[in-house]
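The values are calculated or read from the model by the stated rules, or taken from the named source; none is laboratory data. Given the structure is predicted, the values throughout are model-derived calculations rather than measurements. Every residue, glycine as well, gets a Cβ built from its backbone with ideal geometry; the counts of neighbours run over all protein chains shown.
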Amino acid sequence: MSTAVTVIIILVVILVIIALVAMSAYNGFVKSRNLIQESWRQIDVELNRRYELIPNLVETVRAYAAHERNTLEDITRLRSQAQQLSQAEGALPSQQRADVEEALSGAVRNLIVSVEAYPDLKSNANFLELQRQLAETEDRIAAGRRFYNANVRGYNTKVESVPTNIVANLFHFQKATYFEVNDPSVRQAPNVSFGEIAYRGDPAQPGLPPAAPNQAVQYDTPGSDALPDPQQQGQPQAQRQPQQPTYQPPSGPGSYPPPSRGAPPSPGGYEPPRS
């Protein structure tokens with residue numbers, strides 16, 4: 001009798017421990033799920049804020065930069081698509097919306113970079129204010145995304161770990177979706193071209209001979225101690241001016257020889273008067 005009671009007590013204790021573990025795991029799942037939903041609501045607020053700023057930005061750019069029509073149309077299309085997905089989804093985002101939101105962010109960055117080619121638009125006060133607000137919104141979205149993905153990582157780890165995965169399967173706790181981009185085309189950096197501004201050289205004219213390559217500068221021999229002349233190094237070898245010889249007095253007959261110091265005057269030569 002006492003053995004059966006002991007076994008029953010042990011079984012009851014084990015069941016209580018299992019129940020407590022399951023209850024703790026369930027409460028942890030609920031807490032993590034609510035934390036994920038709360039962090040996503042913060043991102044959703046900033047996304048809606050961006051939806052409100054984009055039309056004003058598009059209209060401001062349209063008035064100054066009519067050539068950016070394709071970029072403006074892409075931004076308007078992505079904004080409408082993102083709004084439709086936000087209204088059709090539940091408490092958590094889908095991978096499709098994450099891709100659309102990232103594509104919208106890339107299109108806005110592309111437009112901001114393209115504005116560098118329009119000085120009048122860059123000096124517009126309304127555009128500068130919209131640009132500042134969009135930059136702050138993008139920073140808050142990035143910070144909220146990091147917080148949301150960190151919560152998703154902890155939640156998904158519990159779903160896949162033992163023994164909490166048993167509770168997840170019993171109560172149908174599914175893995176959450178990261179707010180990130182898996183499409184390689186969306187991850188690619190936007191290609192912005194302002195035209196051929198830099199000088200690339202004159203094109204080769206047909207029928208003309210190619211230009212001769214630059215001749216290497218010939219310096220003096222290594223055994224020479226003379227320093228190179230910068231004015232002569234930039235000239236071709238054939239155009240260098242020869243150095244002029246130093247003056248040599250004539251030594252032929254009839255020339256005047258220079259008097260030597262301390263030598264006696266020659267006979268018949270001029271003598272100065274003596275005092």
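Against the definition (at pLDDT 90 or above and of a type in the set (A, V, I, L, M)), how does Met1 come out, yes or no? Please lay out each step first, then the result.
On the way: at pLDDT 90 or above: no; of a type in the set (A, V, I, L, M): yes.
Against the criterion (at pLDDT 90 or above and of a type in the set (A, V, I, L, M)), Met1 does not qualify.
Filter the stretch 81-110 down to the residues that are surrounded by fewer than 16 Cβ atoms within 10 Å (Cβ to Cβ), in a helix (DSSP H, G or I) and either free of Cβ contacts under 8 Å to residues at least 24 places away in the same chain or among the hydroxyl-bearing types (Ser, Thr, Tyr) (or both) and list them by number.
If the condition is that a residue be surrounded by fewer than 16 Cβ atoms within 10 Å (Cβ to Cβ), in a helix (DSSP H, G or I) and either free of Cβ contacts under 8 Å to residues at least 24 places away in the same chain or among the hydroxyl-bearing types (Ser, Thr, Tyr) (or both), then Gln84, Gln87, Ala88, Gln96 are the ones that fit.
So how many residues does the stretch 9-65 have that are touching a residue at least 12 places away in the same chain (Cβ under 8 Å), touching an Asp or Glu at 6+ places or on another chain (Cβ under 9 Å) and surrounded by fewer than 15 Cβ atoms within 10 Å (Cβ to Cβ)?
Looking only at that region, the number is 0.
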